[in-house]
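These notes concern the structure reproduced below.
The values are calculated or read from the model by the stated rules, or taken from the named source; none is laboratory data. Keep in mind it's a predicted model, so treat the numbers as computed, not measured. Cβ placement follows ideal geometry from the backbone for every residue including glycine, while neighbour counts extend to all protein chains displayed. With ligands, DNA and RNA removed, areas are computed over all heavy atoms of the protein, side chains included. Shrake-Rupley method; radii C 1.70, N 1.55, O 1.52, S 1.80 Å.
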Amino acid sequence: NDWVPPAAVVLHLGDLALGPIGESLARTSALNGRRLLVPGNHDRVSTATQTHRAIERFRPLYEDAGWTVLPEILRGRRAGRILLASHYPYHGDSHGEDRLVSHRPADEGLPLIHGHTHARDHGAHGRQFHVGVDAFDYAPIPFSVIDAWLAEVSPEPES
């Protein structure tokens with residue numbers, strides 16, 4: 001809350017809550033901003049790791065804590081560019097080989113912001129940008145940082 005004003009939009013790219021779900025989500029309910037969640041493999045609303053029944057059971061807990069649960073891959077525009085957002089990178093993992101490959105976005109040459117790797121390195125690696133708070137001193141990254149990266153990343157492919 002020191003970095004995020006009450007009216008800000010917060011896009012969380014997954015692995016929001018671990019441990020006892022009620023305790024974990026309760027801690028997030030006091031966070032500022034309009035909070036949007038792209039589920040990660042540790043979230044109880046992830047199609048990559050949870051059954052449909054489990055998702056139906058846990059979605060209300062996330063919503064009651066103030067989260068809007070979004071699809072696992074987003075495609076939109078930012079700074080005039082097409083941008084993907086997903087918990088998962090195109091490639092790379094924190095466990096050696098890439099896990100949950102079927103849930104990763106297809107690499108069509110578009111810029112991608114992601115989490116998942118829990119790496120201490122951060123920022124841009126080609127068209128991928130690791131935005132996990134574990135790599136940014138547990139602080140959110142302002143969209144202005146993403147906009148500056150988008151201005152530098154190679155142009156999107158011709159359709």
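Summary table
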item	result
Where VAL38 falls short, out of the listed (1) of a type in the set (A, V, I, L, M, F, W, C); (2) open to solvent by 20 Å² or more (accessible area, probe 1.4 Å); (3) out of contact with any Lys or Arg (no Cβ under 9 Å at 6 or more places or on another chain); (4) free of Cβ contacts under 8 Å to residues at least 60 places away in the same chain	(2)
Filter result for ALA48 (of a type in the set (A, V, I, L, M, F, W, C) and in a loop (DSSP other than H, G, I, E, B))	yes
Filtered residue count, segment 4-29, keeping only those that are of a type in the set (A, V, I, L, M, F, W, C), over 18 Å from the mean Cα position of the chain (by Cα) and open to solvent by 70 Å² or more (accessible area, probe 1.4 Å)	1
Qualifying residue in segment 75-83 (condition: under 19 Å from GLY126 (Cα atoms), of a type in the set (Lys, Arg), surrounded by 13 or more Cβ atoms within 10 Å (Cβ to Cβ) and modelled with pLDDT of 95 or more)	yes
Condition check for LEU37: at pLDDT 95 or above, in contact with a helix residue (DSSP H, G or I) (Cβ under 9 Å, 6 or more places away or on another chain), of a type in the set (A, V, I, L, M, F, W, C) and on the phi < 0 side of the Ramachandran plot	yes
Residues within segment 61-73 that are open to solvent by 60 Å² or more (accessible area, probe 1.4 Å) and either among the charged types (D, E, K, R) or more than 13 Å from ALA17 (Cα to Cα) (or both), tallied	5
Filter result for the condition that a residue is surrounded by 14 or more Cβ atoms within 10 Å (Cβ to Cβ) and farther than 22 Å from ASP147 by Cβ, over ILE113, ILE55	ILE55
Hey, LEU110 over 25 Å from ARG27 (Cα atoms), part of a loop (DSSP other than H, G, I, E, B), at pLDDT 90 or above and among the aliphatic types (A, V, I, L, M) or not	yes
